[in-house]
Amino acid sequence: MEPSETPLNMLAWQIEAGADEAIGEAPINRYRSPAPVDLPAPPPSPAAAAPNPAATAPNPAASPPNPAATPAQSSFPPPSSSPSSLTSTDTIAKSAHDLAAAATDLAALADALARFDGCALADTATNLVFADGNSNAQVMIIGEAPGADEDRQGLPFVGLAGQLLDRMLGTIGLDRSSTYISNILPWRPPGNRKPTPNEVTICLPFLRRHIELAEPKILVLVGGTSAQALLGVTQGITRLRGRWHDYPRHGIGSEASSPIPAMPIFHPAYLLRKPGMKREAWRDLREIRRRIDADFSA
């Protein structure tokens, strides 16, 4: 036995680990299955000793088993995609649409969001994350949802992914003073989880109104969730990125019939995990710069 494995040292190690109380007289190897214990059979009762012919003989007239007497297989409620839950989500989304439509400017829209009680994320978030940058900019950037840093500061894209986004914009001559930045969701989902379809449905009317009031000339959709929600598609970001899509205007001034060109790009958080994809991201950024110079430079 090694000097460090003496019984006294081993006991001291267990005490330091928190095992400071004995709960049995003898040690137990809990990795080994316990031996079966033979219990004595109970003595037969007098009624059981004498067989009852009526109980053993089949009864043709006996009624079938009662389904209610069988144990229920599940006591859980139906999934959230039931018609009642969908109706509830649609009702809340309609309320969000009416509240957003009543906002006549961005300040009123931010106030409407702060008063909106139809999304449970507002109860767990620290701050409402509305927007950052220049609301008069030609380019509006829309991400997925705030993270922990964004939730603390009340601004979109200020964490590590936001710092990378700033550098990406800088490569094509843009920054926060020449862009306007927001998210699909204005509140952080707990644990930075992906937004649920119901949460997107409820918050989308506010974002659509946000776009209407900001009147950008180009949309940059950051990540798959943003692109799918605003474009109404199911393809992933790998298929959507690299080409222009049309986002239909919803009553924006006299150009209501003209869609807004939208470019989906990889989320900076994805590029931090997959730096090899920065080559494709650079191509998308150059295409955005080309579109600005060709079509929207004043």
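The values are calculated or read from the model by the stated rules, or taken from the named source; none is laboratory data. No experiment lies behind these values; they were computed from the predicted model shown. Here the Cβ positions follow ideal geometry from the backbone for every residue, glycine too, while neighbour counts run over all protein chains shown.
For residues in segment 193-247 being in contact with a Leu (Cβ under 9 Å, 6 or more places away or on another chain) and among the acidic types (Asp, Glu), which is nearest to Pro261 (Cα to Cα)?
Only one residue fits best here, namely Asp246.
For segment 159-181, what are the residues that are under 25 Å from Leu106 (Cβ atoms), among the polar types (S, T, N, Q) and touching a Leu at 6+ places or on another chain (Cβ under 7 Å)?
Thr179
Just checking, which of Leu174, Leu165, Leu169 is in a helix (DSSP H, G or I), among the aliphatic types (A, V, I, L, M), farther than 16 Å from Leu207 by Cα and in contact with a strand residue (DSSP E or B) (Cβ under 7 Å, 6 or more places away or on another chain)?
None of the others qualify; the one that does is Leu169.
Exactly one of (1) buried (at least 20 other Cβ atoms within 10 Å of the Cβ); (2) aliphatic (A, V, I, L, M); (3) part of a loop (DSSP other than H, G, I, E, B) is unmet by Met140. Its number?
Only one criterion is unmet by Met140, namely (3).
As an exercise: evaluate Pro146 against (1) touching a helix residue (DSSP H, G or I) at 6+ places or on another chain (Cβ under 8 Å); (2) closer than 24 Å to Arg241 by Cβ; (3) buried (at least 23 other Cβ atoms within 10 Å of the Cβ); (4) not hydroxyl-bearing (Ser, Thr, Tyr) and give the number of the one condition it does not meet.
(1)
Scan segment 127-136 and give yes if some residue there is surrounded by 19 or more Cβ atoms within 10 Å (Cβ to Cβ), of a type outside the set (Val, Ile, Thr), touching a residue at least 60 places away in the same chain (Cβ under 8 Å) and touching a strand residue (DSSP E or B) at 6+ places or on another chain (Cβ under 7 Å), otherwise no.
yes
Identify all residues within segment 163-188 that are farther than 18 Å from Ile218 by Cβ and either buried (at least 23 other Cβ atoms within 10 Å of the Cβ) or touching a helix residue (DSSP H, G or I) at 6+ places or on another chain (Cβ under 6 Å) (or both); write none if there are none.
Leu164, Leu185, Pro186, Trp187, Arg188
Any residue that is closer than 24 Å to Pro197 by Cα, modelled with pLDDT under 95 and out of contact with any Cys (no Cβ under 7 Å at 6 or more places or on another chain) - is there at least one of those in segment 126-140?
no
If a residue has to be assigned to a helix (DSSP H, G or I) and surrounded by 13 or more Cβ atoms within 10 Å (Cβ to Cβ) to count, how many in segment 95-110 make the cut?
Of the residues in segment 95-110, 10 are assigned to a helix (DSSP H, G or I) and surrounded by 13 or more Cβ atoms within 10 Å (Cβ to Cβ).
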